[in-house]
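Comments concern the structure below.
Every read-out reported here was derived from the displayed coordinates using simple, explicitly stated rules and does not represent laboratory data. This one's a predicted model, so the numbers in the text were calculated from it and none came from an experiment. Cβ atoms come from the backbone with ideal geometry, glycine included; neighbour counts cover every protein chain shown.
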Amino acid sequence: MNTQQIIKWLKEQDSHKLDQLWQQADRSRYEHVGNQVHLRGLIEISNHCSRQCQYCGIQAGNRSLQRYRMTMDEILTCALQAQELGYGTVVLQAGEDFGLTTEWITKLIYKIKTKTALAITLSLGERNDSELRKWQQAGADRYLLRFETSDSELFHRIHPGHANKISDRFAILETLNQLGYETGSGVMIGIPGQTYDSLANDLLQFQKINLDMIGVGPFIPHPASPLGKQHANLNEKNNPDPNQVPNTELMTYKVVALTRLLCPQTNIPSTTALASLNQNNGRELGLQRGANVVMPNLTPLQYRKLYEIYPAKACLQEKPDDFHKHLINRITELGRTIGLGRGDSPHFKAKKKDNVTRFTLRRKTPTPKIMQRQVRRD
Ligand code: 5AD
């Protein structure tokens, strides 16, 4: 699919044609990642943040927000709960909180790995290479870092630099890939200033940078954030700029479906942001239009309401046990099954196999010295 074809789908309004898109995406999902829906227990371990992301409710500039950082024991209790509920993975997410030191996170990873068989996904923002390496060596399996938009002008506008640091999320994603993490990224849909061209380019970037997991969700204005104060929702009707992507539920399904078609072997969550736009069945429709992962929230309720990156998050009232039962029913009603085991993406498994093969080939058959000389001469 090229840029023009992607844009055509993004602008498509004909419901019969869109039905074809949903069907194609669902077929591709079934063929490449099967019928299992993998559940990841999300633990929002701290809402401290040193950044000023213009869209986000927990950014440093929001002085009225009460901040928390969970203790190691509290996090371990949640991880054990994830294991009891049968989940294969916990996702440890936080603002970009340097109070979560390299050593502390390392210790946390060791503890979770000692006490459970869970895969660990980290989502801790832009961290440096050496800590990413240490965490991977300590046992972290996956890392999520959305690049949010591939339009670098827009990216820098909504992510002011800090401490003389210029963000380069593509460089960090490359490092994560090289370190052997299963690597996830994604974008927000309908950021003020995001055009169809740039969203189509985002989708092509997913393919290009070799991602294993891709999460997309609508931009939801947060009244305590600069962008949220300036912009109401940009739907198809009240949108003054024809190039502006609307932050709608429909646009989110289109991007989920196109992501599945472009990156068929990746794991794609049906996100909480999407479920927040349609609390009735947004999560289910995401699963029927390309997604194969759900991330139930396991953050203790007293902290969860303080992790308000956008308002009216669908998970605010979801108690882990009740929600779990509800989710299992809904997934079963869709004719799908609950994922067993860690649920690595086929894309990652293939990548790992490929690396191992290349690695062993290189080690088993070192180029003889004589040939090396020949190669140099050539
Ligand atoms: N609306 C939608 N998504 C948001 N995120 C942060 N703030 C918002 C918002 N206002 C998303 C970002 C981030 C992820 C953890 O949450 O894409 O990467």
- Charge tally for neighbours of Q317 with beta carbon under 15 Å away, counting Lys, Arg as +1 and Asp, Glu as -1, is +2
- Förster radius 22 Å - calculated FRET efficiency between L301 and N280, Cβ distance, rounded to 0.05: 0.50
- So, counting K/R as plus one and D/E as minus one, what does the shell of residues with Cβ under 9 Å around Q194 add up to? -2
- Note on the structure: Sequence order, region 122-139: Karplus ³J(HN,Hα) from phi using 6.51 cos²θ - 1.76 cosθ + 1.60, θ = phi - 60°, Hz rounded, Gly and Pro as x, gives 9, 9, 10, x, 7, 10, 7, 4, 5, 6, 4, 5, 4, 5, 5, 5, 6, x
- Message: For region 147-176 and region 336-352, what is the centre-to-centre distance using only Cα atoms, to the nearest Å?
- Response: 29 Å
- Message: Taking R0 as 51 Å, what FRET efficiency do you get between K111 and H32 from their Cβ-Cβ distance, rounded to the nearest 0.05?
- Response: 0.90
- Item | Computed label-point distance, nm, for sites L316 and E84 using a 7 Å Cα→Cβ extension | 2.7 nm
- Positive minus negative residues near T259 (Lys, Arg vs Asp, Glu; Cβ under 12 Å): +3
- Figure the gain on full extension for Q230 and Q207 (residue separation times 0.36 nm, minus the Cα-Cα span) and round it to one decimal in nm. 5.0 nm
- Query: How much length is gained if the chain between Q244 and Q66 is pulled fully straight, taking 0.36 nm per residue apart and subtracting their Cα-Cα distance, in nm to one decimal?
  - Reply: 60.7 nm
- With a ≥ b ≥ c from the Cα gyration tensor eigenvalues, square-rooted, and the rule rounded for a/c under 1.5, otherwise prolate when a/b > b/c and oblate otherwise, region 145-208 is oblate
- Once you measure Cβ to Cβ distances between cysteines in the chain, which Cys have no partner under 4.7 Å? C49, C78, C263, C315
- Item | Cα→Cβ-extended label distance, 7 Å offset, between D73 and R133, nm | 3.6 nm
- Show that you can apply the helix-only estimate: for the chain, add -39,500 (n - 2.57) for every DSSP H stretch of four or more residues, divide by all residues, and state [θ] at 222 nm to the nearest 500. -14000 deg cm²/dmol
